[in-house]
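Heads up, the thing below is written out as structure tokens.
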Amino acid sequence: MKKAKYCIRCGGKLEQKEINGKIRLICQKCGYIHYQNPIPTVDIIIEKDEGIVLIKRKNPPYGWALPGGFVDYGESLEEAVEREAKEETNLNIIDARQFHTYSDPKRDPRFHTVTTVFIGKGEGMMKPSDDAEKIKVLKKGEIPSNLAFDHKKILEDYLKKDFEKSR
Ligand SMILES: [Zn+2]
């Protein structure tokens with residue numbers, strides 16, 4: 001995980017120091033404490049009749065992934081998921097509902113993200129964005145081996161839920 005090096009207030013160098021038992025990044029010049037917080041993201045399981053929509057990532061971490069991305073400042077999770085789905089798959093999301101939240105600090109190799117996963121239906125013509133190499137509909141029950149992030153775990157949880165519902 002990458003750590004910030006410089007103060008956002010004065011540009012001074014940040015140094016690790018222990019405060020109340022926690023390691024913090026503190027500016028050597030002005031004393032500013034650089035708090036690091038997880039970054040909120042959203043992902044969506046888009047259900048089609050034949051299965052669910054996956055995109056192949058053009059940027060690291062590589063592999064197949066659920067459509068999703070970062071929540072913009074001033075945006076709700078619901079708005080973010082609709083926007084990301086539209087950008088990445090061109091589909092309009094209807095009936096989106098929250099599934100689970102995933103917060104393992106190691107779920108994204110770049111930085112600590114907390115993702116809220118939605119389940120919804122996709123309407124319209126499916127096509128990949130510039131960020132995606134390919135797009136496909138995953139057949140029901142199938143899980144590809146090269147999934148990015150913790151999306152394997154998410155899909156397993158989703159399939160388990162489906163299975164429990166059908167019993
Ligand atoms: Zn500073």
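We did not get these values from a lab; they are worked out from the coordinates using the rules stated. Keep in mind the model is a prediction, meaning the values are calculated, not measured. All Cβ positions, even for glycine, are placed from backbone atoms using ideal geometry, and neighbour counts span all protein chains on display.
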- Could you please rank Thr113, Thr89, Thr101, placing first whichever residue has the fewest other Cβ atoms within 10 Å of its Cβ? Thr101, Thr113, Thr89
- Note on the structure: The extension gain from Lys152 to Ala4, computed as 0.36 nm times the residue separation minus the Cα-Cα distance, is 50.3 nm
- Item | Average silhouette area of the stretch 33-89, convex hull of alpha-carbon atoms, in square nanometres | 5.2
- What lysines could a cross-link reach from Lys106, if we take a straight Cα to Cα line under 17 Å and drop same-chain neighbours fewer than 8 places away? Lys2, Lys3, Lys152, Lys153
- Query: Okay, helix-only estimate at 222 nm for the chain: each DSSP H run of n ≥ 4 adds -39500 (n - 2.57), divide by all residues, round to 500 deg cm²/dmol; what do you get?
  - Reply: -5500 deg cm²/dmol
- Item | Calculated FRET efficiency for the pair Asn37/Asp131, C-beta based, R₀ 30 Å, to 0.05 | 0.75
- Task: May I ask for the percentage of alpha-carbon pairs in the chain that lie more than 23 Å from each other?
- Result: 46
- FRET efficiency for Lys17 and Phe70, Cβ-Cβ distance as r, R0 = 35 Å, nearest 0.05? 0.75
- Query: In what sequence do Ser129, Ser76, Ser145 fall when counting other Cβ within 10 Å, fewest first?
  - Reply: Ser145, Ser76, Ser129
- Just for the Cα atoms in the stretch 4-45, what are the lengths along the principal axes, largest first, rounded to whole Å? 46, 25, 12
- Message: Taking the beta-carbon count within 10 Å as an exposure proxy, list Leu25, Leu159 from fewest neighbours to most.
- Response: Leu159, Leu25
- Item | Net +/- balance of residues flanking Ile44 in space, Cβ distance below 12 Å, scoring K and R +1, D and E -1 | -4
- Determine ³J(HN,Hα), in whole Hz, for all residues of the stretch 107-117 in sequence, where each value follows from phi through the Karplus function 6.51 cos²θ - 1.76 cosθ + 1.60 and θ = phi - 60°; x replaces Gly and Pro. 5, 10, x, 7, 7, 7, 10, 10, 10, 9, 9
- antiparallel share of DSSP beta bridges within the chain, to nearest 5, in %, is 75
- Message: Once you keep just the Cα pairs under 8 angstrom separated by 6 or more residues, what percentage relative contact order results for the chain?
- Response: 24
- Note on the structure: Rounded to 0.05, the calculated FRET efficiency for the beta carbons of Glu87 and Ile143 at R₀ = 22 Å is 0.35
